[in-house]
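Working notes, structure below.
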Amino acid sequence: MGGLPPRAGRARPFPPPAPLESRAAAAALVVAVAVACSGGGFTGSSSGSTCGSRVVKIAAGFPLTGADAPLGLPAAHGAQYAVESKACVAGYKLAFQAYDDASPATGAHDPSTGVANVEKLLADPQVLGLVGPLDSNVARAELPTANVNNLAMISPSNTDECLTQALPYCAVPPAQLRPSGTNDYFRLAADNTLQGPAAADFVTDTLKVPAVAVVSDNETLGRGVADSFSRELRARGGRVVLRQDFDWRQDNDYASFFQLAKQQGAAAVFAGMTSQTHAGTVRAAMKGVLAVPFVGPDGIVDAQSVKDAGANADGMYGLVTVGDATQSADPAVKAVVARYRKRFPDPADLSAFTFPSYDAAALLIDAIGRAFSAAGGFPTRKQVVAAVAATKGFKGTTGTFSFTPDGDATEPTFSVWKVSGGTWVFATQFPEPRKTP
């Protein structure tokens, strides 16, 4: 996105975390946790009698301190809880090792710190895979080192499409991130190319809206999301009644656009924008002109959009690129959520990525078990990568997961949030199948 700060490549944290004060001590609790052979989990657990003294380690890389800790620390806790719940695999005791990828100097997630962490964990032969990272730019930096060393990486949150897809606008193609020529990177979150189609499916299936006016901020991502929304809406039998790309840096006459959209019969507005490109201001301009739902991608789901929309904030919908286990009706998922909350009772220990991280760790453990069976003993990291790649229909708390050859989830879950009473609240969630080109 030219002119904008780099996208974090993650969704927004809902429910909002508690205010962050000093959590260095809490971060220390998730580092180097050896897990006793007990407990249960959504993916099943091994009985204590089958755990030996030998150890397999699951690593995690997240920002555990600094500005990003409200997202990173709960994500690490999710992965940790999956390890605790499973306890052991193929007779080996499971242990959890968390690495902080926040820069001590800046307090923000840091690609160079992430690479240094990968180099450290690669030196430990007991580590068979990595859950993380949280941010796409950290993943981009870590991938080459992890790839040449056959380290399986499963991110719960990365959305940058260029990590896996060779698109014309990608500054660094995926092949350049994979010097070995094979893939070792996987993600559970939906990438950005699915945000538009998912929004169109939501508008069609849930809002039951046949005619939509579409705007974008004229950035690469925003325009692309708006275009893919328009294509999917038309494929579903809907109509794009009006379409315009606005330079968000300029003073724009949005009211005139909405007046024309009303004349054309628009029953909703889709905005390929973010809070940084003033999506909330666009929503505010609809007041008194066009009283219809306003839908956008994950970049609008934050407090800034609500503030900018002012008195017209209610009626905004935003899609988040991961499922929300806390909203599941599945009794087994509800049980996992309840046990997690008992284990980590602080409200700040729950974010949008807690249970996607739980699922990433549980899936990795499942793959390691299959790799043990295929190898007839302790597997190589390359064998673990192959087992992750071969995953089909793994049922997690936030969705059911299989992967494309490039590492994308074939049917990731989107959750939808809406503004009601000036606050973002959960609306619904659904899987979005990845269509074959």
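Rule-based calculations on the coordinates, nothing more; no lab input. Predicted model only: the values in this text are computed from it and were never measured. Note that we place each Cβ from the backbone using ideal geometry, even for glycine, and neighbour counts take in every protein chain shown.
Here are the numbers:
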| item | result |
| --- | --- |
| Kirkwood hydrodynamic radius of region 274-364, from inverse mean 1/r over distinct Cα pairs, in Å | 15.3 |
| Computed over region 373-437, Kirkwood Rh from alpha-carbon pairs, angstrom | 14.5 |
| Folded to 0 to 90 degrees: helix 111-122 orientation relative to the chain principal axis, Cα | 30 |
| Histogram of C-alpha separations across the chain, 10 Å bin width, % | 5, 23, 32, 24, 12, 4, 1, 0 |
| Dipole magnitude of the chain, debye to nearest 20 (Cβ charges: Lys/Arg +1, Asp/Glu -1, about Cα centre) | 980 |
| Share antiparallel - DSSP beta bridges, the chain, percent rounded to 5 | 40 |
| Gain on full stretching of the segment that runs from residue 251 to residue 335 - 0.36 nm per residue minus C-alpha separation | 25.2 nm |
| Tensor-based shape of region 232-281 (alpha-carbon gyration tensor, a/c under 1.5 rounded, otherwise prolate or oblate) | oblate |
| Dipole of the chain, positive direction: furthest Cα of 62, 387, 189, with charges on the beta-carbon | 387 |
| Along each principal axis, Cα extent of region 49-117, largest first, Å | 46, 22, 12 |
| Exceeding the 22 Å Cα-Cα cut-off - candidates 342/392; 86/395; 334/435; 392/435; 395/435 | 342/392; 334/435 |
| Residue among 348, 246, 376 farthest towards the positive dipole end of the chain, charges placed on Cβ | 376 |
| Computed over region 49-204, Kirkwood Rh from alpha-carbon pairs, angstrom | 16.5 |
| Over region 213-346: Rg over Rh, Cα atoms, Kirkwood Rh | 1.08 |
| Relative exposure of 411, 219, judged by other C-beta atoms within 10 Å (fewest first) | 411, 219 |
| Sorted by Cβ density within 10 Å, fewest first, the residues 193, 65 | 193, 65 |
| Volume of the Cα convex hull of region 198-263, divided per residue and given in Å³ | 76 |
| Residue-wise HN-Hα coupling along region 386-396, computed from phi with Karplus coefficients 6.51, -1.76, 1.60 (Hz; x: Gly, Pro) | 4, 5, 4, 4, 7, 4, 9, x, 6, 8, x |
| Among 285, 214, 431 - extreme Cα towards positive end, dipole of the chain, charges at beta-carbon | 431 |
| Convex hull projection area averaged over all views, region 115-261, Cα basis, nm² | 11.1 |
| Rounded to 10°, Cα long-axis angle of helix 254-263 versus longest principal axis of the chain | 70 |
| Angle in degrees between helix 354-375 and the longest Cα principal axis of the chain, rounded to the nearest 10 | 40 |
| Sorted by Cβ density within 10 Å, fewest first, the residues 294, 257, 394 | 394, 257, 294 |
| Protection proxy ranking, peptides 150-157, 243-250, 263-270, average beta carbon neighbours within 10 Å, highest first | 150-157, 263-270, 243-250 |
| Globularity ratio of region 322-416, using Cα Rg and 2.2 N^0.38 Å | 1.19 |
| Within region 261-335: Cβ-based charge dipole about Cα centre, in debye rounded to nearest 20 (Lys, Arg +1; Asp, Glu -1) | 280 |
